[in-house]
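The values are calculated or read from the model by the stated rules, or taken from the named source; none is laboratory data. Just so it is clear, the model here is predicted, and its values are computed rather than measured. Please note: Cβ atoms are built from the backbone with ideal geometry, for glycine as well, and neighbour counts cover all protein chains shown.
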């Protein structure tokens, strides 16, 4: 695996319009190399032929929408005010 140098970090910082000191660039290069090292370990596992298992959430089972008959008169009775088939409910805010 190729390691990132502090010069490469400074170059990316310049492109990103970040100001880093040489000490900050060296520390950041060290941290990034540690992260890349962990990713290379994952690649090694795959190369050895070990099976990698991923945990997935079960897919949500959707219910079937089936139309049902509704008695409009019962619906209207549930409202305090109704006129000519229109119902009004109290303000909620």
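Give 75, 10, 32 a once-over and let me know the one that is surrounded by 10 or more Cβ atoms within 10 Å (Cβ to Cβ), modelled with pLDDT under 90 and part of a helix (DSSP H, G or I). Result: 75 is the single residue among 75, 10, 32 that is surrounded by 10 or more Cβ atoms within 10 Å (Cβ to Cβ), modelled with pLDDT under 90 and part of a helix (DSSP H, G or I). Among (1) surrounded by 10 or more Cβ atoms within 10 Å (Cβ to Cβ); (2) at pLDDT below 75; (3) touching a helix residue (DSSP H, G or I) at 6+ places or on another chain (Cβ under 6 Å), which single condition is residue 26 missing? Looking at each condition in turn, residue 26 falls short on (2).
Cβ-Cβ distances below 8 Å connect the following pairs, each with a first residue in the range 32-43 that is closer than 18 Å to residue 5 by Cβ, a second residue that is part of a helix (DSSP H, G or I), and a separation of six or more residues or different chains: 32/9.
Residues of the range 35-56 that are at pLDDT 75 or above and either part of a helix (DSSP H, G or I) or surrounded by 10 or more Cβ atoms within 10 Å (Cβ to Cβ) (or both): 35, 36, 37, 38, 39, 40, 41, 42.
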